Amino acid sequence: MRRILVIGATSGIGRALVEAARARGYEAVAAGRREALLREIGGETLALDVTAPDALARIGAVGADTVVFNAGFGERSERPDWGLTERTLRLNVLAFERVAGWALTHCETFAATASVAGVRGLERTNGYSASKAYMLNAMEGYRRLARHGGHACRYVSLVPGFVDTAMGQASAFWRCSTTAAAFCILKALERGQAVAYVTPRWRWVAAALRLMPRALFERLPLG
Ligand SMILES: NC(=O)c1ccc[n+]([C@@H]2O[C@H](COP(=O)([O-])OP(=O)(O)OC[C@H]3O[C@@H](n4cnc5c(N)ncnc54)[C@H](OP(=O)(O)O)[C@@H]3O)[C@@H](O)[C@H]2O)c1
């Protein structure tokens, strides 16, 4: 890894990742829509709406060997809300899928920030958790495609629990700082790890959720 592009780096985990990567001596390019925040971050930046038709051309022009798809959207809702779901899927599924497929033949490493919320369906963040489930499965599929199709790109699934950002305020349980999250992610990228829980102890929550019998899981209020 020499040059890393972080898509979704104007705030939260992505911003901390750019700062951590630069501190470690990597060339790190911060991308996102909010140009005032990009100016505040400084260094090399890219004004980018990853859902826009020209996104791939703009990403390709950066010439990064490592691309991290960290952009994400999700909000809680008490009832089905098509507008919210559509916005979530457009970013977390469609834009992600487009960049992930492109990466197969254009990157050494492609990482995507999924979520422990993607392991099972959740009642008030249903569209978000379903979009992250898509991402987890698609990343696994791309790892298989790279291996069996003879492609060199490494696909790294990043799986945070709760991180201390605007999005991570739903619970204080095992919530880590953005600095700790960035440290885990950087380590995973350097190692070319297939799946990295952020922080590592969230692997046990994910495993418990996966193994929990449906009858018990459906009785459990989770959010
Ligand atoms: N915080 C948590 O507890 C937690 C837990 C599990 C997973 N995650 C995942 O971690 C990732 C980062 O979340 P965060 O908590 O750090 O939230 P955040 O501060 O809201 O960061 C989201 C980033 O995505 C960017 N973004 C949104 N729409 C975009 C678009 N169309 N094009 C380009 N960039 C776009 C935002 O930048 P602009 O608005 O400037 O475009 C922002 O930099 C997300 O994928 C989230 O689902 C977070």
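The values are calculated or read from the model by the stated rules, or taken from the named source; none is laboratory data. No experiment lies behind these values; they were computed from the predicted model shown. All Cβ positions, glycine included, derive from the backbone under ideal geometry; neighbour counts span all protein chains shown. When the accessible area is computed, the model is the full protein with side chains, heavy atoms only, and any ligands, DNA or RNA have been set aside. Shrake-Rupley method; radii C 1.70, N 1.55, O 1.52, S 1.80 Å.
Considering 187, 132, the condition of being among the charged types (D, E, K, R) and open to solvent by 20 Å² or more (accessible area, probe 1.4 Å) is satisfied by 187 alone. Within region 158-181, the presence of at least one residue that is within 27 Å of residue 21 (Cβ to Cβ), among the aromatic types (Phe, Trp, Tyr) and either open to solvent by 70 Å² or more (accessible area, probe 1.4 Å) or at pLDDT below 95 (or both) is confirmed.
Out of 90, 79, one residue alone is open to solvent by 30 Å² or more (accessible area, probe 1.4 Å) and more than 17 Å from the chain's Cα centre (by Cα). It is 79. Residues in region 183-214 that are outside any helix (DSSP H, G or I), farther than 15 Å from residue 115 by Cβ and without any contact (Cβ under 8 Å) to a residue 60 or more places away in the chain: 5 in all. Could you say whether any residue in region 74-86 is within 12 Å of the ligand (Cβ to nearest atom), in contact (Cβ under 8 Å) with a residue 12 or more places away in the chain and not in a loop (DSSP other than H, G, I, E, B)? Looking through region 74-86, none of the residues is within 12 Å of the ligand (Cβ to nearest atom), in contact (Cβ under 8 Å) with a residue 12 or more places away in the chain and not in a loop (DSSP other than H, G, I, E, B).
Would a scan of region 61-72 turn up a residue that is more than 24 Å from residue 175 (Cα to Cα) and either assigned to a helix (DSSP H, G or I) or without any contact (Cβ under 8 Å) to a residue 60 or more places away in the chain (or both)?
Step one: of region 61-72, the residues more than 24 Å from residue 175 (Cα to Cα) are 61-67.
Keeping just the survivors that are either assigned to a helix (DSSP H, G or I) or without any contact (Cβ under 8 Å) to a residue 60 or more places away in the chain (or both) gives 61-62.
Yes - at least one qualifying residue is present in region 61-72.
Against the criterion of being out of contact with any helix residue (DSSP H, G or I) (no Cβ under 8 Å at 6 or more places or on another chain), more than 16 Å from the ligand (Cβ to nearest atom) and open to solvent by 30 Å² or more (accessible area, probe 1.4 Å), residue 192 does not qualify.
Among the listed residues 191, 144, 201, 219, identify the single one that is among the basic types (Lys, Arg), out of contact with any strand residue (DSSP E or B) (no Cβ under 8 Å at 6 or more places or on another chain) and under 20 Å from residue 126 (Cα atoms). Before you say what the answer is, go through the steps one by one.
Numbers: 191 fails: under 20 Å from residue 126 (Cα atoms); 144 fails: under 20 Å from residue 126 (Cα atoms); 201 fails: under 20 Å from residue 126 (Cα atoms).
The conditions single out 219.
The set of residues in region 14-40 being closer than 14 Å to residue 187 by Cα, in contact with a strand residue (DSSP E or B) (Cβ under 8 Å, 6 or more places away or on another chain) and crowded, with 21+ Cβ neighbours inside 10 Å consists of 17, 18, 21.
Does region 148-163 include one or more residues that are within 14 Å of the ligand (Cβ to nearest atom), in contact with a Pro (Cβ under 8 Å, 6 or more places away or on another chain) and under 22 Å from residue 219 (Cα atoms)? No, the conditions are met nowhere in region 148-163.
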